[in-house]
Amino acid sequence: MMKYTDLLFLGAPLPEDVEKLKWHGDLAHAARRIDKYLEGDLPQAQRSRLEAEKEVLRRLPEAYTLTWEEAVRRFDEVFEDASAGELEELVENGAVDWIWCEGERRIIYNFAENLLKTRPAYSARAKGEYQDQVRDNQANAERLDQVIHAMQEKGSSRWRFTLRESFTLKKDREDGPGIVRVHLPLPVEYAQVESFTLLRTSEEPAFIALAAQPHRTIFFERPMKAGETIEVEFSYTIRADYVRPDPSKVLNEQPTFYTEEQLPHIALTPYIRAVAAEITGGDKNPLIRARRIYDYITSHLMYSFVRPYMAITDIPGYAASGWKGDCGIQALLFVTLCRAAGIPARWQSGLYTTPVNVGCHDWAQFYVEPYGWLFADCSFGGSAWRAGSTLRHDFYFGNLEPFRMPAASDFQQEFSPARKFPRNDPYDNQVGEAEYADRSMEAGEFELKTELLKAEEL
């Protein structure tokens, strides 16, 4: 079984036959070959790599649930004048993600939603109810414009949010009720978080992580039956200060913390260093270098839903070769390129909470004296760039609006107390995780939910 420390070796090469079987889609055969290798006398580093790959192979097909025929029907269901030939062209151009899986091409389940989100030509062709997503995206952009204007005028914005998180066991174990171990995310009390109050729990928690725990959670452990629910309610206050960073005010002396590798993903490979050097153009000012990295990512990388992160063995490399990825992939690429350019950078993630909804999101921070830690949201910046909004594109280099709940202050950090079995997402902390005391839990065994109860501007 994969251990958390095995992740450190994801960047190591696989045996060639395993690699060939994997990308040919013969995943079961690849897993058998790994088991055969594991029977031998191997260096521990290779053993760790192979154990991690078994988990990768298990996760790889999770997002690719549509057959070609199902994808064509879905395409026609969402868009006017859709055709199989057009969908094939989108696949050919890299706009629709797919893999080979056990002898057939499988399409990522949310490809239509991705087209709605990122490509105006397709959002204009949305049918019926799917126009709601388009209108929601437009309404969110308008809301952000209003908040940004207010922050520029007043200098800051403060909001208090109240959320409810819940875990519900959907089905019983075949061998009867078992001890369930549940982690639900809490705000890390640092940076833009001014205050946090735990309002209610449906029962006494077994443990509440310290305020500065990098992946902060509240932990429950008890026997559960199908239909039972654990709930947590809390409130927090966010203060977002507006900054207009000026390259002429940057100091000569800059720190070197948060510039090291953080394996397996924040790897300063020759390729990453070369890309960073080309983008930054040799400029000595770290604020200008960071801005060039931000501008390049937001103008060249297309937002795209992706498979589970656990099934991507080199996230920045994935982004910097195919130039696509979701908010987390863009954030991690920004962090990695900044570190390669000698700019301190780190991860921040959790929830995007507005007055009307709540969802998962990832973004980044970078450090430049005399400003200290500044924010960079490449996915929001990229959306602004595609929409032609200079206001939002400039804002998300250096700033964030107050609609964020950071539940992770760093990438790939352990929970407290630590999980016994591999997490669904070993890198992030957004919706929660659950396991039995004696085995991991499959996604279909439970439901995690986050609800917005109240949002008030202060």
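Readers should treat all values here as calculations from the given coordinates under stated rules, not as data from a laboratory. Source: prediction; values computed, not measured. Cβ sites come from the backbone with ideal geometry, for glycine too, and all protein chains shown count toward neighbours.
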Extension gain (nm, one decimal) between A437 and D394, 0.36 nm per residue minus Cα-Cα: 10.7 nm
Most to least packed among 79-87, 432-440 [average Cβ atoms within 10 Å]: 432-440, 79-87
Mean residue ellipticity (222 nm) of the chain, computed from DSSP H runs ≥ 4 via -39,500 (n - 2.57), nearest 500: -10500 deg cm²/dmol
Descending semi-axes in whole angstrom, ellipsoid equivalent of the range 267-404, from the Cα gyration tensor: 22, 19, 14
Peptides 337-343, 375-381, 306-312, 47-53 ordered by average Cβ neighbours within 10 Å, highest first: 375-381, 337-343, 47-53, 306-312
Separation between Cα centres of the range 383-398 and the range 411-436, rounded to whole Å: 33
For the range 4-63, the fraction of alpha-carbon pairs in successive 10 Å shells from zero, as %: 24, 59, 17, 0
Percent antiparallel among DSSP beta bridges (both partners in the chain, rounded to 5): 95
Order of D326, D17 - criterion: other Cβ atoms within 10 Å of each residue's Cβ, fewest first: D17, D326
Cα-based equivalent ellipsoid, the range 199-299: semi-axes from gyration tensor eigenvalues, Å: 43, 20, 14
Paramagnetic reach from I288 in the range 327-364 [backbone N under 18 Å; point 7 Å along Cα→Cβ]: 338, 341-344
Rounded Å value of the spacing that divides the Cα centres of the range 47-105 and the range 171-206: 34
The range 159-458: translational diffusion in µm²/s, Stokes-Einstein, Kirkwood Rh over Cα pairs, 10 °C, 1.306 mPa s: 79
F403, F219 arranged by Cβ crowding within 10 Å, fewest neighbours leading: F219, F403
Given charges at beta-carbon only (K, R positive; D, E negative), |dipole| of the chain in Debye: 840
Residue exposure sequence - S157, S321 - by fewest surrounding Cβ within 10 Å: S321, S157
At R0 = 25 Å, FRET efficiency that the Cβ-Cβ distance of K449 and D136 yields, to 0.05: 0.85
Total charge dipole magnitude, the range 68-126, about the Cα centre, Cβ charges on Lys, Arg, Asp, Glu only, Debye to nearest 20: 260
Cα lying deepest toward the dipole's positive end in the range 52-170, options P61, Q138, I99, charges on Cβ: Q138
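Give me the net charge for the shell around I148: Cβ to Cβ below 9 angstrom, other residues only, Lys and Arg +1, Asp and Glu -1.
-1
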Charge dipole (the range 331-458, unit charges on Cβ, about Cα centre) - positive-most of V431, L453, A331: A331
Added length on full extension, which subtracts the Cα-Cα distance from 0.36 nm per residue, H300 to E369: 22.0 nm
Span-rule helices in the chain, defined as complete DSSP H runs reaching 18 Å or more along the axis (Cα) with Kyte mean at least 0.0: 327-340
